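The structure appears right after this line, and notes come after that.
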Protein chains: 2
Amino acid sequence: MKHNNQRKLNTGISVDCVIFGFDLEELKVLLIQRKTAQKAPDSRFSLPGDLIYNDETLDEAAIRVLKELTGLENIYLEQLGAFSALDRLSKIEDKIWLESIREQPNERVITIAYFALVNLNSFHPSPANFATSASWRPIQNVTSLAFDHHEIFESAHQQLKAKLQTQPIGFNLLPDKFTLSQLHKLYEAIVGKELDKRNFRRKMIKLDIVKKLEEKQVGVPHKPSNFYEFNQKNYQKLLKEGFDNFGF
Amino acid sequence: MKHNNQRKLNTGISVDCVIFGFDLEELKVLLIQRKTAQKAPDSRFSLPGDLIYNDETLDEAAIRVLKELTGLENIYLEQLGAFSALDRLSKIEDKIWLESIREQPNERVITIAYFALVNLNSFHPSPANFATSASWRPIQNVTSLAFDHHEIFESAHQQLKAKLQTQPIGFNLLPDKFTLSQLHKLYEAIVGKELDKRNFRRKMIKLDIVKKLEEKQVGVPHKPSNFYEFNQKNYQKLLKEGFDNFGF
DNA sequence: GCAAAAGTGTTAACTGTACACCCATGA
DNA sequence: TCATGGGTGTACAGTTAACACTTTTGC
């Protein structure tokens, strides 16, 4: 990779990241707020993203965006796909905003979307990160977004739901030690419906992806919950194979 | 969309299509052969693809490539994702070939891959199509390909396998009328292992995505097989919901 | 009548689902 | 002692998986 002062931006291709987080209560997504456009209150938010450099891969660009924004590395990150809306300047605020930050605001841009899963508890925002005024929004509150970002967000959310059915990716949203209730809550938040507590626990234990620790919650005003951690070994295996599904 | 003589190619973005076909015996993929490079026998093949125009979406570009090559429209087509290999000119033959067809052969290109499923029996190649010398290759024989096309092909094949587990997409590879044995053979070809005949049939029938027709094979030297067609209604439903899997 | 592929049923093991009560803790 | 959420078992229904023989046709 060349040094920064030699790097050339590719003005036709960007990456955008849909970053999901879970605060043990709600599923959230990290959005940034534009500096210039003050109108249209619900269209001010957009997904964090950037044009790519010509000497970096798409994955590298996504990792860079994530690091610049959250300071985090080694995050679960997966490409969602490419989006090519032809009408991205149909909203006047988008046009104004682009003119304020891009040299060629009218150039057609293809964006490659990524979705990322981060553990909100290991996320300690430094003020510098938030100079761009990023914030976690509950996914229910995400209505309209800039450009085609709402479409991308919806696609990411759907992918997260679908993927959870066959791969144990949800653990990326939790701290290293967690309770089964937290895991349960997370799954309910993602799939958007209630799941039977006993059956859920049974299933997780039978899949052998959680390992019971000799440690319990302290200071809670109810029976303390046992902590668990992943069974990394089995987790890797399941990541490859997926869970049993259609049955071939 | 503008007329052809006004259209501007985007020299930084291409689409490549992994087109699968099934001849009722084997799973095949449509590859094109380069005109110039005669050396390195097993690296001559590449995936059909093209640079995109700036006034078309990625999906439109993929549809265009497919139509130009096969003459077919209304084909099952799905985006696989974006690929951004930085070392695409590492093979000398690739470099020579690009220099012969591109104005800016050294420009960095991001490619968006698609995978397509076509019914080989409805595919009647006209000589014009084959001016580009496309040919169906059994997937086992696909070893090395130009650029990063082998990686893309592998990814498409894996996606096809994975998707078959949860969605009845295989039907796109068969003619309107087919026998359960053909369907069975197709599934075995895609997942790459034997499937129990009785269990397979039972499952397909129970899922209610096939409808028995009052028509049998004729002229076969064994008990003639019954023809079936899809149950389009149920098919659409299953496409949306996927099959039952992790169980939430 | 023979070769070739079509078509068909049963059983046992496992998996999913529905459902209600007692437990440990802090206040 | 009460409020809170943690933790557990059982029975029924449905699904998967393994397995072998008879049928229909052309030659």
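Taken together, the values in this text are just the output of simple stated rules run on the coordinates, not laboratory data. This is a predicted model, so every value here is computed, not measured. Cβ placement follows ideal geometry from the backbone for every residue including glycine, while neighbour counts extend to all protein chains displayed.
If R0 is 35 Å, the Cβ-Cβ spacing of A:K91 and B:E73 corresponds to a FRET efficiency of close to 0.60. Each copy carries B:D55; placing its label point 7 Å along the C-beta direction from Cα gives inter-copy distances of 3.7 nm, listed from smallest up. Extending 7 Å from the Cα toward the beta-carbon at both B:L207 and A:S133 defines two label points whose distance is 5.0 nm. Partner shielding of B:169-178 amounts to 0, given as the average count of beta-carbon atoms from other chains within 10 Å of each residue beta-carbon. The residue list B:T179, B:M204, B:G219 was ranked by how far each Cα lies along the charge dipole of region B:168-241 toward its positive end, using unit charges on Cβ atoms, and B:M204 comes out on top. The alpha-carbon of B:K216 sits under 16 angstrom from the alpha-carbons of these lysines, leaving out residues fewer than 8 places away in its chain: B:K177. Directionally averaged projected area (region B:7-165, Cα convex hull): 9.4 nm². Among A:I205, A:I110, A:I101, the largest mean-square fluctuation in a Gaussian network model of chain A (Cα springs under 10 Å) belongs to A:I101.
Between this copy and the others, label points of B:N234 are 3.5 nm apart in ascending order, each placed 7 angstrom from Cα in the Cβ direction.
A:K212 sits among other residues whose Cβ lies under 13 Å from its own Cβ, and their net charge, with Lys and Arg +1 and Asp and Glu -1, is 0. Charge tally around B:H184: other residues with Cβ under 13 Å, Lys/Arg +1 each, Asp/Glu -1 each, net +3. I'd like the FRET efficiency for A:E60 and B:T57, computed as 1/(1 + (r/R0)^6) with the beta carbon distance as r and R0 of 22 Å, rounded to 0.05. Calculated transfer efficiency: 0.30.
Here is how far apart the A:R7 label points are across copies: 3.4 nm, shortest first, using a point 7 Å from Cα toward Cβ. Averaged over peptide A:81-88, the number of partner chain Cβ atoms lying within 10 Å of each residue's Cβ comes to 6. Between the C-alpha center of region B:194-240 and that of region A:65-125 there is a gap of 45 Å.
Starting from the Kirkwood Rh over alpha-carbon pairs, what translational D in µm² s⁻¹ does the protein assembly as shown have by Stokes-Einstein at 20 °C and 1.002 mPa s? It diffuses with D of about 85 µm²/s by this estimate.
Which entries of A:K163/A:K203; A:K237/B:K237; A:K67/A:K185; A:K185/A:K223; A:K212/A:K233 have Cα-Cα distances beyond 24 Å here?
On the way: A:K163/A:K203 17 Å; A:K237/B:K237 31 Å; A:K67/A:K185 28 Å; A:K185/A:K223 17 Å; A:K212/A:K233 15 Å.
In this structure, A:K237/B:K237; A:K67/A:K185 exceed 24 Å between Cα atoms.
For region B:7-165, the dipole from Cβ point charges (+1 on Lys and Arg, -1 on Asp and Glu) about the Cα centre works out to 300 debye, to the nearest 20.
Quantify how strongly other chains surround peptide A:212-225 by giving the mean number of their Cβ atoms within 10 Å of each of its Cβ atoms. All intermediate terms of the calculation are to be shown ahead of the outcome.
Working: counts 0, 0, 0, 0, 0, 0, 0, 0, 0, 0, 0, 0, 0, 0.
Average neighbour count from other chains, rounded to a whole number: 0.
Seen against the Cα atoms of chain B and their longest principal axis, helix B:92-101 is set at about 80 degrees.
The lysines within cross-link reach of B:K95, meaning a Cα-to-Cα straight distance under 23 Å and a gap of 8 or more places when in the same chain, are A:K2, A:K8, B:K35, B:K39.
Using only side-chain charges placed at the Cβ, +1 for Lys and Arg and -1 for Asp and Glu, the dipole size of the protein assembly as shown relative to its Cα centre rounds to 1320 debye. Other residues whose C-beta falls under 12 angstrom from the C-beta of A:F20 contribute a net charge of +1, scoring Lys and Arg +1 and Asp and Glu -1.
Beta bridges assigned by DSSP with both partners in region A:4-152 are antiparallel in approximately 70 percent of cases.
Bridgeable aspartates and glutamates around B:K211 (alpha carbons under 13 Å apart, same-chain partners fewer than 8 residues away excluded): B:D176, B:E229.
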